[in-house]
Amino acid sequence: MDHPPPPPSRQQPARGMLVPLIVACALFMENLDSTIIATALPAIARSMNEDPLHLSMAVTSYLLSLAIFIPLSGWMADRYGARRVFRNAILIFVLGSIGCAASQSIGQLISARMLQGLGGAMMVPVGRLVLLREVDKANLVGAMSYLTIPALMAPILGPPLGGLIVTFASWRLIFLINVPIGALGWWLVSRYIREVREEHQPPLDLAGWMILGAGLAGVIFGFENLGKHVLSPGVAPAILLGGIALLVLYAWHAKHEHSPILKLSLMRVATFRVSVTGGSLFRIGVGAFSVLLPMMLQLGFGLSALQSGSITFASAVGGLLMKTIAQRLTRRFGFRDLLIRNTLICGCALVLCGWLRPSLPYALMIGFLVLTGFFRSLQFTCVNAMAFADIDEDDMSQATSFSSTAQQLALSIGVGIGVQVLNISMALRRDTALDDLDFTIAFLVMGLISLSSLLSFRRLAPNAGSSVSGHRLALANESPPTAAH
């Protein structure tokens, strides 16, 4: 029989550190797996005697599973308890990983990847919900700084680690490394996370879930396949437009449904709205960065996957350095000023990435990437923490589902736009091989998109999210948190 641990005090310092680390480890496992597989696809294709292009469905099926099940995660957490759902999500993800490692055909691999996607869809938002219910708002910035690390490190570590494994071992080990990590995570959640659930849970909005899931799947699948020449011409844009139409239909549905699967009314809360709109614009640029930089280093500079990884790893180092001072910065400047200044730094840095050249000393390049990783991680921490500053406890599960859905959508859109800009630039030059100029233009476009998030961040009040940021000016004036309902 499952005996939950006794409810701990939220003020215990040790738990304030332990819970974010438990959640961050689970999210790191999920994020690393989703990026590491790209490097292993050629080796998997050879072992199965399949076309590598067909194996791209192993990536797409995972993303589709995420898109379909993420909106359901908040309802599941409220209905069955966040601790139970989070723990079972880890178990499902590990079982899917074992299924991937044991796959003998493309069909088996795709099925196992979809099972992984189901686990990952529940791990990300429910893990964040567990954190929000365990950590006081005053300590949320410090806790959220740990959750930015998986998002930053996984795309950087994935390619070189995947290259090492497929070069010196079997590609099946890529999936089996999740087993010990998942087992440890399952035990830690069982031992240290308390159970919280809603007493009165509305019925599942099945129609809304089906419309929203299909719409998100269409948009993500469409953007993922733009410019990749895997599908017949016109198919990817048609799927993309169909997905957008379904999302518009869901917006109409949510207005007329008493308890929608995803509450669009949360956008009335100013800090949450700005986090979703401004944060999504910023993430579009970062989503492209995780793809464009390794491509530029390998295709443009002629580096191997291992050499490229040794350089891109510098961004993760910057992210690790950030978490030591994030809370002090938010207390000093507040969310509004910090987000405005940091967006300018990150956007300009993204543009400057397009001007990196092979002739630059690697030490200079690595130093630049350490700085960009620091500020980019700080931006994620602020946006993620501010999102929940003024959300009522009853809406926390809905907010985590909404936020995770927006994040996944923005990252997929960023990858699609980045690849499309490269293709357009190459076509305008009437060439069939990528050039330094193509990457310069791509980084310029993505940097401008990220900079456009300034329009959202400037709308924040000076004391926005002060209950979370601890901004001293807001506290000195005893200004209440600014939640525009």
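Overview of values
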| read-out | value |
| --- | --- |
| Some residue of region 218-230 being without any contact (Cβ under 8 Å) to a residue 60 or more places away in the chain and open to solvent by 20 Å² or more (accessible area, probe 1.4 Å) | yes |
| Check on M76, over 24 Å from G222 (Cβ atoms), open to solvent by 10 Å² or more (accessible area, probe 1.4 Å), assigned to a helix (DSSP H, G or I) and of a type in the set (A, V, I, L, M) | yes |
| Failed item in (1) open to solvent by 40 Å² or more (accessible area, probe 1.4 Å); (2) modelled with pLDDT under 75; (3) over 19 Å from F93 (Cα atoms), with A38 passing the rest | (3) |
| Filter result for the condition that a residue is open to solvent by less than 40 Å² (accessible area, probe 1.4 Å) and of a type in the set (F, W, Y), over F368, F380 | F380 |
| Close pairs (8 angstrom Cβ cut-off, 6 or more residues apart or separate chains): more than 23 Å from K137 (Cα to Cα) and among the β-branched types (V, I, T) in region 360-383, in a helix (DSSP H, G or I) and modelled with pLDDT of 90 or more anywhere | T372/C346; T372/A349; T372/L350; T372/C353 |
| Residue list for region 111-141, restricted to those being of a type in the set (D, E, K, R) and either under 13 Å from the mean Cα position of the chain (by Cα) or closer than 20 Å to T324 by Cα (or both) | R128, D136, K137 |
| Single condition D390 does not satisfy, out of (1) in a helix (DSSP H, G or I); (2) at pLDDT 85 or above | (1) |
| Failed item, numbered, when F86 is tested on (1) open to solvent by 40 Å² or more (accessible area, probe 1.4 Å); (2) at pLDDT 90 or above; (3) among the aromatic types (F, W, Y) | (1) |
| Odd one out for G99 among (1) buried (at least 19 other Cβ atoms within 10 Å of the Cβ); (2) more than 20 Å from R194 (Cα to Cα) | (1) |
| Helices (runs of 4 or more DSSP H) contained in region 146-247 and holding at least 2 residues more than 18 Å from M123 (Cα to Cα), of a type outside the set (D, E) and modelled with pLDDT of 85 or more | 173-176, 206-225 |
| Test: residue in region 252-263 that is part of a helix (DSSP H, G or I), touching a His at 6+ places or on another chain (Cβ under 8 Å) and more than 16 Å from P160 (Cβ to Cβ) | no |
| Checklist (1) aliphatic (A, V, I, L, M); (2) in a helix (DSSP H, G or I); (3) buried (at least 22 other Cβ atoms within 10 Å of the Cβ) applied to L356, failing item | (2) |
| Residue list for region 441-465, restricted to those being open to solvent by 40 Å² or more (accessible area, probe 1.4 Å) and over 28 Å from V415 (Cβ atoms) | P462 |
| Meets criteria (more than 20 Å from I366 (Cβ to Cβ), in contact with a Phe, Trp or Tyr (Cβ under 7 Å, 6 or more places away or on another chain) and assigned to a helix (DSSP H, G or I)) for I340 | yes |
| Selection status of Q420, of a type outside the set (A, V, I, L, M) and open to solvent by 40 Å² or more (accessible area, probe 1.4 Å) | yes |
| Lone qualifier among L299, L303, L266 - being surrounded by fewer than 23 Cβ atoms within 10 Å (Cβ to Cβ) and under 14 Å from D438 (Cα atoms) | L299 |
| Test result for T324, closer than 30 Å to L437 by Cα and of a type in the set (V, I, T) | no |
| Yes/no for V286 being at pLDDT 90 or above, closer than 30 Å to V351 by Cα and of a type in the set (A, V, I, L, M, F, W, C) | no |
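The values are calculated or read from the model by the stated rules, or taken from the named source; none is laboratory data. Computed from a predicted model, the values in this text were never measured in an experiment. Note: ideal-geometry Cβ built from the backbone for every residue, glycine included; neighbour counts use all protein chains shown. Ligands, DNA and RNA are stripped out before the accessible areas are found, and what is left, the full protein with its side chains, is counted by its heavy atoms. Shrake-Rupley method; radii C 1.70, N 1.55, O 1.52, S 1.80 Å.
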